[in-house]
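**Student:** One structure is given below, represented as structure tokens, and several questions about it will come after.
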Amino acid sequence: MSKAGRDLSKYRMETRLALAGRDPARFDGAVNTPIHRTTTIVLPEVADLYDRPIKTYGLEGMAVQEALCEALVAVEGGAGAVLAPSGLGACTLALLSVVEAAGEVLVTDSVYGPTRRFCDTLLKRLGVGVRYYDPRVGGGIAELIGANTNAVLLESPGSLTFEVQDTPAIAAAARARGVATIIDNTWSAGVHFKPFAHGIDLSVQALTKYQLGHADAFMGAVLAATPEGYARVRACYKQLGLGAAPDDAFLVLRGLRTMALRLQHQASAALEIARFLEGRAEVARVLHPALPSHPDHKLWQRDFTGASGVFAVVLKPVTQARLTAMLEGLDLFAMGFSWGGYESLIVPCDKGVVRTAIPWLKEGPLLRLSVGLEHPADLIADLKAGFSRLAN
């Protein structure tokens, strides 16, 4: 039975995920944190309304949201976490908490497409400059940091093209200039990469993916390395009027309990499928950081403790008609834009790749695969059948 305030850092990840955010003694022995569906909190004293540091409104989150934040910190580390209605909401919250008018943000050229859209539209309209950098710039980021730079936004690996960044080098260069760093750490689920140990200030998670794991709710989170950073993010969170639904928070917390097992299976199956794809004549390149053939494999080995179940493949040139036949005929891999759930997904990504700092060079169509909980042998058979259609 978990105890409030219990130090989970001495336990391995599977144990942390089973215990984090649980306090049965507080809730009559209930193993799961209860859901409070409420907007209004009634208070007995006038002083409670304004003059005491207590919860006064349901938007701030009740027991289940607090339990989820506690669990996220137990998994990834940091001083605190705030929840957002989606992964994109977490990315935008993190940016808005550190940028200033007439300032600028340096953004990896491989960033998640909707985050790029936010930077190119709303941030610029607010008077914040945006410059994109080569995701493999490493310590060379120091040459790009200017007097007005407020933040550097990393994503490692990149959402579609899976470049692994030299995060410690970038974080060190930014810190030397007093510039905040933010990383989208969704690919590792906060399990296989620890951003705060590598000098990052804010970590973003799309909890919709592996933490939830069942493709039935949206949620995101921003975690901060320090109490000061947490206070700043939380203040921005309240100013924006953000909140996370209690039922959704419960689903994410429930998903956390099995995430280690799911992630282990999905990572193992994805690597098996990636190796199969490397041997196919139709394939030009497999973009999986855990493969020795990946250009950033040594960086991944240095900084990560494992992989997830998402990677990409570049095919050799093929007509659109044959590619369409391959994809539309798949039985187990469905076409869809999310990832990290129990179901295996595949999506053509060429229209989603935008580059302005450095060209994206490819031999043929780019496909992203998210491996679910199906048996890898069945998924490989599905791809084999797809390749047969690709050839006809």
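**Student:** May I ask you to say which residue of ASP134, ASP120 is out of contact with any helix residue (DSSP H, G or I) (no Cβ under 9 Å at 6 or more places or on another chain) and either of a type in the set (Asp, Glu) or modelled with pLDDT under 95 (or both)?
**Tutor:** Matching residue, one of ASP134, ASP120: ASP120.
**Student:** Quick check on LYS362: is it basic (Lys, Arg), in a loop (DSSP other than H, G, I, E, B) and more than 19 Å from SER388 (Cα to Cα)? Give the steps one after another, and end with the answer.
**Tutor:** Values: basic (Lys, Arg): yes; in a loop (DSSP other than H, G, I, E, B): yes; more than 19 Å from SER388 (Cα to Cα): yes.
So LYS362 passes the test.
Every residue, every condition in (1) among the charged types (D, E, K, R); (2) buried (at least 23 other Cβ atoms within 10 Å of the Cβ); (3) in the same structural domain as LEU242 (by TED's automatic domain parsing), yes or no:
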position	(1), (2), (3)
ALA94	no, yes, yes
GLY103	no, no, yes
ARG136	yes, no, yes
ALA147	no, no, yes
ASN150	no, no, yes
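**Student:** Can you tell me which residue among ALA267, ALA235 is out of contact with any helix residue (DSSP H, G or I) (no Cβ under 9 Å at 6 or more places or on another chain), farther than 27 Å from LEU17 by Cα and part of a helix (DSSP H, G or I)?
**Tutor:** Numbers: ALA267 fails: farther than 27 Å from LEU17 by Cα.
Going through ALA267, ALA235 in turn, the sole match is ALA235.
**Student:** Restricting attention to segment 76-94, report how many residues are part of a helix (DSSP H, G or I) and within 26 Å of LEU287 (Cβ to Cβ).
**Tutor:** Narrowing segment 76-94 to residues part of a helix (DSSP H, G or I): 76, 87-94.
Filter once more, so that each one left must be within 26 Å of LEU287 (Cβ to Cβ): 76, 87-88, 90-91, 94.
The qualifying residues number 6.
**Student:** Considering only residues that are exposed (fewer than 10 other Cβ atoms within 10 Å of the Cβ) and closer than 23 Å to ARG234 by Cα, look in segment 43-61 and name the one that is nearest to the chain's Cα centre (by Cα).
**Tutor:** Keep residues of segment 43-61 that are exposed (fewer than 10 other Cβ atoms within 10 Å of the Cβ), which gives 44-46, 50-51, 53.
If we keep only those that are closer than 23 Å to ARG234 by Cα too, we end up with 50-51, 53.
On the way: TYR50: 36, ASP51: 37, PRO53: 32 Å.
For segment 43-61, the residue satisfying everything is PRO53.
**Student:** Within segment 269-279, how many residues are touching a residue at least 12 places away in the same chain (Cβ under 8 Å) and surrounded by fewer than 16 Cβ atoms within 10 Å (Cβ to Cβ)? Walk me through it before giving the result.
**Tutor:** Residues of segment 269-279 that are touching a residue at least 12 places away in the same chain (Cβ under 8 Å), as a first pass: 269-278.
Now drop any that are not surrounded by fewer than 16 Cβ atoms within 10 Å (Cβ to Cβ), which leaves 272, 275, 278.
Total satisfying the criteria: 3.
**Student:** Could you pull out the residue among VAL73, VAL64 that is within 22 Å of the chain's Cα centre (by Cα), farther than 22 Å from LEU202 by Cα and outside any loop (DSSP other than H, G, I, E, B)?
**Tutor:** Details: VAL73 fails: farther than 22 Å from LEU202 by Cα.
Of the residues listed, the single one that is within 22 Å of the chain's Cα centre (by Cα), farther than 22 Å from LEU202 by Cα and outside any loop (DSSP other than H, G, I, E, B) is VAL64.
**Student:** Going by the conditions given, is THR33 touching a Gly at 6+ places or on another chain (Cβ under 6 Å) and part of a loop (DSSP other than H, G, I, E, B)?
**Tutor:** Values: touching a Gly at 6+ places or on another chain (Cβ under 6 Å): no; part of a loop (DSSP other than H, G, I, E, B): yes.
Criteria not met by THR33.
**Student:** Somewhere in segment 298-312, is a residue surrounded by fewer than 17 Cβ atoms within 10 Å (Cβ to Cβ), modelled with pLDDT under 95 and more than 25 Å from HIS265 (Cβ to Cβ)?
**Tutor:** no
**Student:** Right, here's the next one. List pairs: first residue in segment 123-143 and touching a residue at least 12 places away in the same chain (Cβ under 8 Å) and closer than 16 Å to VAL354 by Cα, second residue small (Gly, Ala, Ser) and surrounded by 21 or more Cβ atoms within 10 Å (Cβ to Cβ) anywhere in the structure, Cβ distance under 8 angstrom, at least six positions apart or on different chains.
**Tutor:** Close Cβ pairs (under 8 Å, with a partner that is small (Gly, Ala, Ser) and surrounded by 21 or more Cβ atoms within 10 Å (Cβ to Cβ)) amount to PRO135/SER110; PRO135/SER156; PRO135/GLY158.
**Student:** Does GLU70 fit the bill of being among the acidic types (Asp, Glu), modelled with pLDDT of 90 or more and in the same structural domain as THR186 (by TED's automatic domain parsing)? Explain how you work it out, then say what you get.
**Tutor:** Values: among the acidic types (Asp, Glu): yes; modelled with pLDDT of 90 or more: yes; in the same structural domain as THR186 (by TED's automatic domain parsing): yes.
Taking the combined requirement at face value, the residue satisfies it.
**Student:** Related question: So is GLY77 more than 17 Å from GLY243 (Cβ to Cβ), in contact (Cβ under 8 Å) with a residue 60 or more places away in the chain and among the small types (Gly, Ala, Ser) or not? First the steps, then the outcome.
**Tutor:** Values: more than 17 Å from GLY243 (Cβ to Cβ): yes; in contact (Cβ under 8 Å) with a residue 60 or more places away in the chain: yes; among the small types (Gly, Ala, Ser): yes.
Considered against the rule, which asks whether it is more than 17 Å from GLY243 (Cβ to Cβ), in contact (Cβ under 8 Å) with a residue 60 or more places away in the chain and among the small types (Gly, Ala, Ser), GLY77 comes out as yes.
**Student:** Which residue out of VAL222, VAL313, VAL283, VAL318 is touching a Ser or Thr at 6+ places or on another chain (Cβ under 9 Å) and of a type in the set (A, V, I, L, M)? Outline the logic, then answer.
**Tutor:** Working: VAL313 fails: touching a Ser or Thr at 6+ places or on another chain (Cβ under 9 Å); VAL283 fails: touching a Ser or Thr at 6+ places or on another chain (Cβ under 9 Å); VAL318 fails: touching a Ser or Thr at 6+ places or on another chain (Cβ under 9 Å).
Going through VAL222, VAL313, VAL283, VAL318 in turn, the sole match is VAL222.
**Student:** Can you spot a residue in segment 273-294 that is touching a Pro at 6+ places or on another chain (Cβ under 9 Å), assigned to a helix (DSSP H, G or I) and not assigned by TED's automatic domain parsing to the domain that holds ALA94?
**Tutor:** Scanning segment 273-294, I find at least one residue that is touching a Pro at 6+ places or on another chain (Cβ under 9 Å), assigned to a helix (DSSP H, G or I) and not assigned by TED's automatic domain parsing to the domain that holds ALA94, so the answer is yes.
**Student:** Let me ask something else. Would you mind stating whether PRO157 is part of a loop (DSSP other than H, G, I, E, B), within 29 Å of VAL252 (Cα to Cα) and in the same structural domain as ALA249 (by TED's automatic domain parsing)? Walk me through it before giving the result.
**Tutor:** Details: part of a loop (DSSP other than H, G, I, E, B): yes; within 29 Å of VAL252 (Cα to Cα): yes; in the same structural domain as ALA249 (by TED's automatic domain parsing): yes.
For PRO157, the condition - part of a loop (DSSP other than H, G, I, E, B), within 29 Å of VAL252 (Cα to Cα) and in the same structural domain as ALA249 (by TED's automatic domain parsing) - is met.
**Student:** Please go through segment 105-134 and pick out each residue that is within 20 Å of ALA172 (Cβ to Cβ) and either assigned to a strand (DSSP E or B) or in contact with a Gly (Cβ under 6 Å, 6 or more places away or on another chain) (or both). Show your work before the answer.
**Tutor:** First pass over segment 105-134, keeping only residues within 20 Å of ALA172 (Cβ to Cβ): 105-108, 131, 133-134.
Across segment 105-134, the qualifying residues are VAL105, LEU106, VAL107, THR108, ARG131, TYR133.
**Student:** State which residue is surrounded by the fewest Cβ atoms within 10 Å (Cβ to Cβ) when the search covers only segment 152-188 and only residues that are more than 21 Å from the chain's Cα centre (by Cα) and aliphatic (A, V, I, L, M).
**Tutor:** To start, the set of residues in segment 152-188 that are more than 21 Å from the chain's Cα centre (by Cα) comprises 172-179.
Now drop any that are not aliphatic (A, V, I, L, M), which leaves 172-174, 176, 179.
On the way: ALA172: 16, ALA173: 23, ALA174: 24, ALA176: 10, VAL179: 22.
In this case the residue turns out to be ALA176.
**Student:** Could you tell me whether ARG16 is over 17 Å from LEU240 (Cα atoms), under 25 Å from the mean Cα position of the chain (by Cα), modelled with pLDDT of 85 or more and loosely packed, with under 12 Cβ neighbours inside 10 Å? Break it down stepwise before answering.
**Tutor:** Details: over 17 Å from LEU240 (Cα atoms): yes; under 25 Å from the mean Cα position of the chain (by Cα): yes; modelled with pLDDT of 85 or more: yes; loosely packed, with under 12 Cβ neighbours inside 10 Å: no.
Spelling it out, it is not the case that ARG16 is over 17 Å from LEU240 (Cα atoms), under 25 Å from the mean Cα position of the chain (by Cα), modelled with pLDDT of 85 or more and loosely packed, with under 12 Cβ neighbours inside 10 Å.
The values are calculated or read from the model by the stated rules, or taken from the named source; none is laboratory data. Remember, it's a predicted structure, so these values are computed and weren't measured experimentally. Neighbour counts run over all protein chains shown; Cβ positions are idealised from the backbone, glycine included.
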